[in-house]
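Participant: This is the structure I have questions about; it appears just below.
The values are calculated or read from the model by the stated rules, or taken from the named source; none is laboratory data. All figures in this text were calculated on a predicted structure; none of them were measured in a lab. When we count neighbours, we look across all protein chains shown, and the Cβ atoms used for this are built from the backbone with ideal geometry, even at glycine. Side chains are part of the model used for accessible areas, which takes the heavy atoms of the whole protein and leaves out ligands, DNA and RNA. Shrake-Rupley method; radii C 1.70, N 1.55, O 1.52, S 1.80 Å.
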Amino acid sequence: MTMTLSRRHWLLLAALVPALTLAQPPEPTKLPPVSTELKRNKDALPYKQINEFLTKLDRYGEGLFRMDFKVDTARTTLPLDQLRMVVRSDDADHPISFDAKGGFKLPLLPEAEAKSADLATNALPEQKVSIAGSLELNTRADALTMAKVRQIVRVGFKLRDELLPWYLRWLFPRIEGVVVCAATPAFELEWRENGQLLGLPLPVGERDPKVRKGVAGRPCALITGQERWPDDARLVAPADAELSVKLQGQ
């Protein structure tokens, strides 16, 4: 099994073991229980490192960031309703639950337990399971201000360059700003100055980070925090607006 992570995506190609299902005959006949075999995958990125990264994000991210994981059903040959996955340590199994779209969370383990932990799946050798992970913001578009943008960039820099060990920094690229995208390109900053309400339209032209390169996405605007607008300037955007981090090199 191999796991790689680009700037916004984790990729897992896992070996799967057959899940056997026996229909229970009517009473009084009794059959021995059959369980799904889950095998550890030592070729994946050590869960110790994943756990350390998620712990730093939770502890020092000031509630700004989260990692969302999702089974890429377009690239996965095992049906989602048949896929079983756990984080297995020497102490316990931690089952992973998928939502209707294949989204899931990875558990935070105590440091001592994480040392022996691995991802385990039920899989066939010829099948593939593709998993993507993305760094997301917890701030909603209607709560974004210039002060919040500057906090996101500042905390992101501190996390990567000061708090994460060198061997984990590749998992957290430098944050260059906040991208706002919506179906309708109507983005504006508003603030009050000398009792007057001022508005400034934001230029559109940033690539939509939610689509692959080369694919047309929604109109997007970028705020880096370096602009000379006041901290209390707030974003005014359509109801469907969505925020993302702008990562270096995107």
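Participant: What are the residues in region 226-247 that are open to solvent by less than 50 Å² (accessible area, probe 1.4 Å) and of a type in the set (D, E, K, R), if any?
Facilitator: Glu227, Lys246
Participant: Kindly establish whether Ala216 is out of contact with any strand residue (DSSP E or B) (no Cβ under 8 Å at 6 or more places or on another chain) and free of Cβ contacts under 8 Å to residues at least 24 places away in the same chain.
Facilitator: Yes.
Participant: I'm checking my understanding of the structure. Among residues of region 201-225 that are among the hydrophobic types (A, V, I, L, M, F, W, C) and surrounded by 13 or more Cβ atoms within 10 Å (Cβ to Cβ), which one is nearest to Glu188 (Cα to Cα)? Reasoning before the result, please.
Facilitator: Taking region 201-225 first, the residues among the hydrophobic types (A, V, I, L, M, F, W, C) are 202, 204, 211, 215-216, 220-223.
Those still in the list that are surrounded by 13 or more Cβ atoms within 10 Å (Cβ to Cβ) too: 202, 204, 220-223.
Numbers: Leu202: 5, Val204: 11, Cys220: 12, Ala221: 10, Leu222: 11, Ile223: 11 Å.
The qualifying residue nearest to Glu188 (Cα to Cα) is Leu202.
Participant: Next question, about the same structure. Return the residues of region 104-139 that are out of contact with any Ser or Thr (no Cβ under 9 Å at 6 or more places or on another chain), small (Gly, Ala, Ser) and closer than 19 Å to Arg88 by Cα; say none if nothing qualifies.
Facilitator: Within region 104-139, Ala112, Ala120, Ala123 qualify.
Participant: In region 216-223, is there at least one residue being modelled with pLDDT under 95 and either touching a Ser or Thr at 6+ places or on another chain (Cβ under 8 Å) or not acidic (Asp, Glu) (or both)?
Facilitator: Checking region 216-223: at least one residue is modelled with pLDDT under 95 and either touching a Ser or Thr at 6+ places or on another chain (Cβ under 8 Å) or not acidic (Asp, Glu) (or both).
Participant: When you scan region 92-107, how many residues do you find that are exposed (fewer than 15 other Cβ atoms within 10 Å of the Cβ) and of a type in the set (A, V, I, L, M)?
Facilitator: The total comes to 2.
Participant: Next question. Looking at region 138-160 only, could you name the residues that are of a type in the set (D, E, K, R) and either within 16 Å of Phe65 (Cα to Cα) or part of a strand (DSSP E or B) (or both)?
Facilitator: Residues satisfying the conditions are Arg140, Lys148, Arg150, Arg154, Lys158, Arg160.
Participant: Could you list, in sequence order, the residues of region 88-105 that are of a type in the set (A, V, I, L, M, F, W, C) and touching a strand residue (DSSP E or B) at 6+ places or on another chain (Cβ under 6 Å)? I'd like the intermediate steps shown before the answer.
Facilitator: Step one: of region 88-105, the residues of a type in the set (A, V, I, L, M, F, W, C) are 92, 96, 98, 100, 104.
Answer for region 88-105, where residues must be of a type in the set (A, V, I, L, M, F, W, C) and touching a strand residue (DSSP E or B) at 6+ places or on another chain (Cβ under 6 Å): Ile96, Phe98, Phe104.
Participant: Does region 149-171 contain any residue that is surrounded by fewer than 16 Cβ atoms within 10 Å (Cβ to Cβ), touching a strand residue (DSSP E or B) at 6+ places or on another chain (Cβ under 9 Å) and more than 30 Å from Pro46 (Cα to Cα)?
Facilitator: Looking for residues that are surrounded by fewer than 16 Cβ atoms within 10 Å (Cβ to Cβ), touching a strand residue (DSSP E or B) at 6+ places or on another chain (Cβ under 9 Å) and more than 30 Å from Pro46 (Cα to Cα), one finds none in region 149-171, hence no.
Participant: Report yes if Val155 is modelled with pLDDT under 95 and within 18 Å of Leu54 (Cα to Cα), otherwise no. Walk me through it before giving the result.
Facilitator: Details: modelled with pLDDT under 95: no; within 18 Å of Leu54 (Cα to Cα): yes.
Answer is no for this residue.
Participant: Given the criterion open to solvent by less than 60 Å² (accessible area, probe 1.4 Å), of a type in the set (A, V, I, L, M) and within 30 Å of Ala241 (Cβ to Cβ), identify the matching residue among Ala74, Ala117, Ala143.
Facilitator: From the options Ala74, Ala117, Ala143, the qualifying one is Ala143.
Participant: If you don't mind, another one. List the strands (runs of 3 or more DSSP E) that sit entirely inside region 44-137 and contain at least 3 residues that are farther than 26 Å from Pro209 by Cβ.
Facilitator: Per the criteria, 85-88, 93-95, 118-121.
Participant: Another question, if that's okay. Do the conditions hold for Pro173, that is, is it closer than 18 Å to Val149 by Cβ, touching a helix residue (DSSP H, G or I) at 6+ places or on another chain (Cβ under 9 Å) and modelled with pLDDT under 95?
Facilitator: When the stated conditions are applied, Pro173 passes them.
Participant: Residues of region 163-182 being touching an Asp or Glu at 6+ places or on another chain (Cβ under 6 Å) and either among the small types (Gly, Ala, Ser) or not in a strand (DSSP E or B) (or both), which ones?
Facilitator: Of region 163-182, the ones touching an Asp or Glu at 6+ places or on another chain (Cβ under 6 Å) are 179, 181-182.
Across region 163-182, the qualifying residue is only Ala182.
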